[in-house]
Amino acid sequence: KAGVTQTPRYLIKTRGQQVTLSCSPISGHRSVSWYQQTPGQGLQFLFEYFSETQRNKGNFPGRFSGRQFSNSRSEMNVSTLELGDSALYLCASSSSTSGRKFGELFFGEGSRLTVL
Amino acid sequence: GESVGLHLPTLSVQEGDNSIINCAYSNSASDYFIWYKQESGKGPQFIIDIRSNMDKRQGQRVTVLLNKTVKHLSLQIAATQPGDSAVYFCAENVGGGADGLTFGKGTHLIIQP
């Protein structure tokens with residue numbers, strides 16, 4: 001069974017630009033979550049999608065958005081990039097089908113974004 | 001502040017020894033805890049989880065202990081191997097996922113030959 005696939009693995013952007021990151025979950029997983037990892041703040045929850053709906057959202061500004069497609073693939077977008085957005089963006093999929101039952105997360109290897 | 005935190009940023013142990021990584025949490029409503037291992041250049045990998053109705057759970061060479069009285073979580077790794085070198089994160093969840101997982105900062109486990 002293929003794992004969680006994230007693209008691109010590395011990218012460099014400049015301040016003010018926008019970026020779109022893609023995530024393909026494990027086959028059969030309908031829940032996709034996004035996390036930001038930085039040396040200073042560690043791993044922080046961005047949002048979770050389930051069946052094309054944003055089910056949960058972390059404490060990030062509106063510049064961070066996402067969506068999920070009918071095949072469970074997900075994208076996240078960051079607009080008006082800031083230097084502080086430089087981070088490893090991790091996608092995780094889960095077999096969780098209910099908002100009240102939290103399954104283990106399977107993480108991808110991440111997309112490393114550098115903002116210059 | 002962060003609900004979940006780790007006591008030590010770096011832990012160095014001899015190969016073959018047992019290691020214990022600690023984690024404290026402050027939210028008494030947390031009812032699900034997970035330990036992840038992250039190797040350099042990779043995403044976090046699930047190790048073991050425990051729910052608040054348990055105080056101990058064992059896996060292959062790993063044991064997680066949960067002390068709800070003092071809000072403390074630990075990960076014990078038996079007979080450490082070079083492949084155990086990684087950053088270990090504890091994570092908590094409250095009530096089934098509404099706020100995602102809250103991760104601690106991580107402990108870097110170094111295995112000395």
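The values are calculated or read from the model by the stated rules, or taken from the named source; none is laboratory data. Just so it is clear, the model here is predicted, and its values are computed rather than measured. When we count neighbours, we look across all protein chains shown, and the Cβ atoms used for this are built from the backbone with ideal geometry, even at glycine.
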- If residue A:105 passes every condition in (1) surrounded by fewer than 22 Cβ atoms within 10 Å (Cβ to Cβ); (2) within 14 Å of another protein chain (Cβ to nearest Cβ); (3) touching a residue at least 40 places away in the same chain (Cβ under 8 Å) but one, which one does it miss? (1)
- Query: Considering only residues of the stretch B:92-110 that are outside any strand (DSSP E or B) and modelled with pLDDT of 75 or more, which is nearest to residue A:42 (Cα to Cα)?
  - Reply: B:105
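With more than 14 Å from every other protein chain (Cβ to nearest Cβ), free of Cβ contacts under 8 Å to residues at least 60 places away in the same chain and closer than 24 Å to residue B:111 by Cβ as the only criterion, which of B:26, B:74 stands out?
Values: B:26 fails: closer than 24 Å to residue B:111 by Cβ.
Selected residue: B:74, the only one of B:26, B:74 that is more than 14 Å from every other protein chain (Cβ to nearest Cβ), free of Cβ contacts under 8 Å to residues at least 60 places away in the same chain and closer than 24 Å to residue B:111 by Cβ.
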- Could you please tell me which pairs satisfy a Cβ distance under 7 Å, a separation of 6+ or placement on different chains, a first residue in the stretch B:31-56 that is at pLDDT below 90, and a second residue that is exposed (fewer than 14 other Cβ atoms within 10 Å of the Cβ) and not in a strand (DSSP E or B)? B:31/B:95
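Which one of A:11, A:43 is surrounded by 16 or more Cβ atoms within 10 Å (Cβ to Cβ) and of a type in the set (A, V, I, L, M)? Break it down stepwise before answering.
Numbers: A:11 fails: surrounded by 16 or more Cβ atoms within 10 Å (Cβ to Cβ).
After applying the criteria, what remains is A:43.
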- Task: All but one of (1) within 25 Å of residue A:16 (Cα to Cα); (2) modelled with pLDDT of 90 or more; (3) surrounded by 15 or more Cβ atoms within 10 Å (Cβ to Cβ); (4) more than 11 Å from the chain's Cα centre (by Cα) hold for residue A:84, so report the exception by its number.
- Result: (3)
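Here's the yes/no breakdown for (1) in contact with a Lys or Arg (Cβ under 6 Å, 6 or more places away or on another chain); (2) within 14 Å of residue B:43 (Cα to Cα); (3) touching a residue at least 60 places away in the same chain (Cβ under 8 Å):
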site: A:2; (1), (2), (3): no, no, no
site: A:9; (1), (2), (3): no, yes, yes
site: A:14; (1), (2), (3): no, no, yes
site: A:20; (1), (2), (3): no, no, no
site: A:31; (1), (2), (3): no, no, yes
site: A:43; (1), (2), (3): no, yes, no
site: A:46; (1), (2), (3): no, no, no
site: A:77; (1), (2), (3): no, no, no
site: A:81; (1), (2), (3): yes, no, yes
- Query: If you go through the stretch A:39-54 one residue at a time, do you hit one that is in contact with a Cys (Cβ under 7 Å, 6 or more places away or on another chain) and within 13 Å of another protein chain (Cβ to nearest Cβ)?
  - Reply: no
- Query: Residues of the stretch B:41-69 being assigned to a loop (DSSP other than H, G, I, E, B) and away from every other protein chain (no Cβ under 11 Å), which ones?
  - Reply: B:52, B:53, B:54, B:55, B:59, B:60, B:61, B:68, B:69
- Item | Cross-chain or 6+ apart pairs with Cβ under 9 Å, the stretch A:55-71 first and without any contact (Cβ under 8 Å) to a residue 12 or more places away in the chain and farther than 18 Å from residue B:101 by Cα, then surrounded by fewer than 16 Cβ atoms within 10 Å (Cβ to Cβ) and not charged (D, E, K, R) | A:62/A:79
- Would you confirm whether any residue within the stretch A:55-65 is more than 13 Å from chain B (Cβ to nearest Cβ), among the hydrophobic types (A, V, I, L, M, F, W, C) and over 27 Å from residue B:30 (Cβ atoms)? no
- Message: So, in the stretch A:1-38, how many residues would count as being of a type in the set (D, E, K, R) and within 11 Å of chain B (Cβ to nearest Cβ)?
- Response: 1
